[in-house]
1. Mind checking which aspartates and glutamates have their Cα closer than 17 Å to the Cα of residue 200? Skip sequence neighbours fewer than 8 apart in that chain.
2. In a GNM of the chain with a 10 Å cut-off on Cα contacts, which of 102, 195, 292 has the highest mean-square fluctuation?
3. Do the sum for the chain: with -39,500 (n - 2.57) for every DSSP H run of n ≥ 4, divided by all residues, what is the mean residue ellipticity at 222 nm, to the nearest 500 deg cm²/dmol?
4. Of 176, 121, 152, which has the largest mean-square fluctuation in a 10 Å C-alpha GNM of the chain?
5. What ranking of 215, 172 emerges when the number of other C-beta atoms within 10 Å of each C-beta is taken as an exposure proxy, fewest first?
6. Just want the answer: with Cβ charges of +1 for Lys and Arg and -1 for Asp and Glu, which residue in 101, 151, 189 is farthest toward the dipole's positive end in the stretch 80-195?
7. Expressed in nm to one decimal, what extension gain is obtained for the pair residue 344 and residue 169 from 0.36 nm per residue of sequence separation less their Cα-Cα distance?
8. What translational diffusion coefficient, to the nearest whole µm²/s, does the stretch 1-159 have by Stokes-Einstein, given a Kirkwood radius computed over alpha-carbon pairs, a temperature of 20 °C and 1.002 mPa s viscosity?
Amino acid sequence: MFGQRLRLARKRAGLSLRSLADRMDPKVTAQAISKYEAGRMMPSSAVLVGLGEALDVSLDFLMSDRVDVLDGLEFRKDPGTSARDRARAEAVLIDNLERYLTIEEVLGMPPAGDRFAHCRCDCIATEAEIDERADQLREAWDLGMDPVPSLCALLEDKGIKVVEADLPERISGLACRAMRRGRVVADAVVVSSRTNVERKRFTLAHELAHKIIRSTGNPAIRLETAMNRFAGAFLVPARDLLEKVGARRRRVTYYEIARLKHTYGVSAAAMLVRLGQVGVLRASAVRRAFATFARSWRTTEPEPMGDEQGFGAFEKPQRFRRLVWRAVGEELISPVRGAALLGEPLEVVEWQVSGPGVG
């Protein structure tokens, strides 16, 4: 386990064996580091501390065994994302999962296990079937057809560990199942803190799709395309959208699209695509829109949602913080440990424990 973590941390830093050896204090050879990674040798305490400092990772990250492997790792990323960026995102996920599982152990909570085995499908063949799966999940979760106020809260309520983190610029999210000794210990989704509210919600729904659909049985439908279709259908149910705008339209105005995006909490581009998917607009009309007035929508969001307004005020993971504060309040962990888990200064945590001083 240590060897795997060391290799991941080295890849995250973009270092060769030789480059890492050159950074080390105390000095070790590249051959020795290779043996550490292969599990043929363990470093001394001093070398272990030096490795952590050289790679800018905690000793907990290098030595913990709460997560053996990330199974089914799926990235939502831009083309050209480097191996270093993927390794960095994977390391961020593991670090956050380790802290999450730590606090659950402190509170005596059993591993969540695989919460989606009963609704997972191995194959999907048509776009209509993708929409049906999204509607079925909404029905199973008793969501009705109303917009989902908070994807973060919904996924956390369903047992998914949601993490918001500073991911590399080209990666907006990733999803996986964390395994330990051959068993699922957590379903996890990570979303980038760099993204706007609209993209964050779509990314969360996209990563949820990876929990439901394993593959497509139609070579004409790429897996990532299917995930995007599921995300759109889950966030913007066809029946509700058709009731709002009508079944067939020659044109939908900018005013209507702007209002709809704020109603459902999606981007203007995603809203335009969804209008085409449900048949409100012809495919040719959608293409024409993206070639003209909506040309910039994929890169610049029109009428963006505020981070602290509407959907933006609710799209923040909360469960991990609540668990840490519960453990601090019950004196199961010290404020020092709480600060380390939360990644916040000790004085901030101590202030939150006691509140303002009595005058």
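1. 74, 78, 156, 164, 166, 169, 224, 301, 303, 307, 308, 315
2. With Cα springs under 10 Å in the chain, the top fluctuation among 102, 195, 292 is at 292.
3. On the way: 17 runs with 184 residues, N = 359.
The per-residue figure over the chain is -15500 deg cm²/dmol.
4. Fluctuation is largest for 121.
5. Details: 215 12, 172 22.
With the sparsest Cβ surroundings first, the list reads 215, 172.
6. So the residue we want is 101.
7. Working: separation 175, 0.36 × 175 = 63.00 nm, distance 2.33 nm.
Contour length minus the Cα-Cα distance gives 60.7 nm.
8. Translational D for this selection: 113 µm²/s.
Values quoted throughout were computed directly from the atomic coordinates according to the rules given, and no laboratory measurement underlies them. Keep in mind it's a predicted model, so treat the numbers as computed, not measured. Positions of Cβ are generated from backbone atoms using ideal geometry, with glycine treated the same way; all protein chains shown enter the neighbour counts.
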